[in-house]
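Novice: This is the structure I want to talk about, given as structure tokens.
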Amino acid sequence: MKIAFMFSGQGAQFPGMMKDLCAAEPAARQVFDVADKALGRGISELCFEGAQEDLNLTHNTQPCVLAADLAAAMALRAHGIEAEGAAGFSLGEYAALAYAGSIPMEDVFEMIQYRADSMQEAVAPGKGAMAAMLGGSPEQVEAVCAAVTEGYVVAANYNCPTQTVISGETAAVDQAIALAREQRIRGKKLAVSAPFHCALMEPAAMKLKALFEGKAFDVPALPVYMNVDGAANRDAAAIPGLLVRQAMSPVRWVQTLLNMRADGFDTFIECGPGRTLSGLAAKTLTDVTILRVGDAQSLEETLAALK
């Protein structure tokens, strides 16, 4: 058995997430204590008691999901379950790096808060959008984007072989959805507040670049498979540049999973709220075990499965 952790990204958040896990697992609760102290506000209260509309604000979403991701991983660690490799979807990549010891937990929350606010400020509200394109191949979705005449739109997240997310200017995304419908590809607008992982995020990427110039990243204790190319990385000096590129580049999740499988990983545990990454792994990989930790019950089920 070779275990990989997958850390959830934006969109997985829901009211009450991790509340019962933190009540049952002190190691999980400690993560939220660190988050509250690092940011000087109630991240734990937002996750445990906050409304969906508050959790959906990027300013809140990214630190909340980061805390949830790391809480799940720390609960597993407290029970002696460790990963030999890790990957995180978008903001989840920061959780993967923190889990691997490349970024101190006290620093990663300040980093993700700065990232969240920079990404939100990069594009004015209503000017950008994202949509999941369901049922078509990545090549078909790329061709649809290329045919758009109403502005800028590109493939932004390669989620699984039959699901690719597009990102760009709102009118262009709307036109892409209409063009895709002609090819029997269903487009579904995502409830996000900015067009992530495309060139419109360049202002945010440049802010991150300036931030990282004053930060030292440690060598990861295990390989972290990075979003921009899906490749395993243990080069601390390369991490800042990869994170800067990640903000305005596609998330190559399919390639990430395929590379991990090729490297011998056969047990994938989703750490964080929801089941999104578990579902994407099931649609991408064969002959693997897929587990998750998103609450107290799923922790118990995963621990039992690993015995």
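Novice: Return the residue satisfying two criteria in turn: it lies in region 166-212 and is acidic (D, E) and assigned to a helix (DSSP H, G or I), and of such residues it is surrounded by the most Cβ atoms within 10 Å (Cβ to Cβ).
Specialist: The selected residue is D174.
Novice: Right, here's the next one. Restricting attention to region 89-125, which residues are out of contact with any Gly (no Cβ under 6 Å at 6 or more places or on another chain) and closer than 15 Å to R234 by Cα?
Specialist: Listed by number, the residues that qualify are E93, Y94, L97, A98, Y99, A100, G101, S102, I103.
Novice: Does region 112-139 hold any residues that are part of a helix (DSSP H, G or I) and open to solvent by less than 60 Å² (accessible area, probe 1.4 Å), and which are they?
Specialist: Matches in region 112-139: I112, Q113, R115, A116, D117, S118, M119, Q120, A122, P138.
Novice: OK, next. Answer with yes or no whether G40 is at pLDDT below 95 and open to solvent by 30 Å² or more (accessible area, probe 1.4 Å).
Specialist: Values: at pLDDT below 95: no; open to solvent by 30 Å² or more (accessible area, probe 1.4 Å): yes.
Criteria not met by G40.
Novice: Which ones in region 224-283 are in contact (Cβ under 8 Å) with a residue 40 or more places away in the chain, open to solvent by 30 Å² or more (accessible area, probe 1.4 Å) and among the acidic types (D, E)?
Specialist: Hits for region 224-283 are D263, D266.
Novice: Pairs only if they're at least six apart or on different chains, beta carbon under 7 angstrom, first in region 61-74 and over 15 Å from R115 (Cβ atoms), second in a helix (DSSP H, G or I) and of a type in the set (V, I, T); list them, first residue then second.
Specialist: L70/V31; A71/V31; M74/V31
Novice: Go through (1) under 21 Å from K2 (Cβ atoms); (2) buried (at least 21 other Cβ atoms within 10 Å of the Cβ) for T289 and report which single condition fails.
Specialist: Unmet for T289, out of (1) under 21 Å from K2 (Cβ atoms); (2) buried (at least 21 other Cβ atoms within 10 Å of the Cβ): (2).
Novice: Of these, V148, V153, which one is at pLDDT 95 or above and surrounded by 24 or more Cβ atoms within 10 Å (Cβ to Cβ)?
Specialist: V153
Novice: With respect to G40, determine if the residue is touching a residue at least 24 places away in the same chain (Cβ under 8 Å), at positive phi and of a type outside the set (A, V, I, L, M, F, W, C).
Specialist: no
Novice: If the requirement is being under 20 Å from the mean Cα position of the chain (by Cα), among the acidic types (D, E) and closer than 27 Å to M206 by Cβ, which of these qualifies: E82, E121, E53?
Specialist: Of E82, E121, E53, the one residue that is under 20 Å from the mean Cα position of the chain (by Cα), among the acidic types (D, E) and closer than 27 Å to M206 by Cβ is E121.
Novice: Here are L46, L21: which of them is assigned to a helix (DSSP H, G or I), open to solvent by less than 10 Å² (accessible area, probe 1.4 Å) and in contact with an Asp or Glu (Cβ under 7 Å, 6 or more places away or on another chain)?
Specialist: L21
Novice: Can you find, within region 244-292, the residue that is farthest from the chain's Cα centre (by Cα) among those that are over 16 Å from A12 (Cα atoms) and among the basic types (K, R)?
Specialist: Looking at residues that are over 16 Å from A12 (Cα atoms) and among the basic types (K, R), I get R261.
Novice: Condition first: under 23 Å from E270 (Cβ atoms), out of contact with any Leu (no Cβ under 8 Å at 6 or more places or on another chain) and touching a residue at least 60 places away in the same chain (Cβ under 8 Å). Can you find one or more residues in region 101-115 that meet it?
Specialist: So the first thing to find is which residues in region 101-115 are under 23 Å from E270 (Cβ atoms), and the list is 101-103, 105, 108-109, 111-112, 115.
Still in the running and out of contact with any Leu (no Cβ under 8 Å at 6 or more places or on another chain): 101-102.
Now drop any that are not touching a residue at least 60 places away in the same chain (Cβ under 8 Å), which leaves 101-102.
Yes - at least one qualifying residue is present in region 101-115.
Novice: Moving on to the next point. In a helix (DSSP H, G or I) and touching a strand residue (DSSP E or B) at 6+ places or on another chain (Cβ under 7 Å): does that describe E142?
Specialist: yes
Novice: Checking K215 against (1) surrounded by fewer than 20 Cβ atoms within 10 Å (Cβ to Cβ); (2) in a helix (DSSP H, G or I), which single condition isn't satisfied?
Specialist: So the condition that K215 fails would be (2).
Novice: Which numbered condition trips up A71, out of (1) in contact with a Leu (Cβ under 7 Å, 6 or more places away or on another chain); (2) within 23 Å of A204 (Cα to Cα); (3) open to solvent by less than 40 Å² (accessible area, probe 1.4 Å)?
Specialist: Condition (2) is where A71 drops out.
Novice: Further question: For region 84-98, which positions are open to solvent by 10 Å² or more (accessible area, probe 1.4 Å) and in contact with a Lys or Arg (Cβ under 9 Å, 6 or more places away or on another chain)?
Specialist: E84
Novice: Something else about it: Taking region 262-278 as the region of interest, how many residues are out of contact with any Phe, Trp or Tyr (no Cβ under 9 Å at 6 or more places or on another chain) and among the charged types (D, E, K, R)?
Specialist: Count: 2.
The values are calculated or read from the model by the stated rules, or taken from the named source; none is laboratory data. In this text, all values refer to a predicted model and were calculated from it rather than measured experimentally. Quick reminder, even Gly has a Cβ in these numbers, built from the backbone with ideal geometry, and neighbours come from all protein chains shown. Just so you know, the surface numbers come from the protein's heavy atoms only, side chains and all, with ligands and any DNA or RNA stripped out. Shrake-Rupley method; radii C 1.70, N 1.55, O 1.52, S 1.80 Å.
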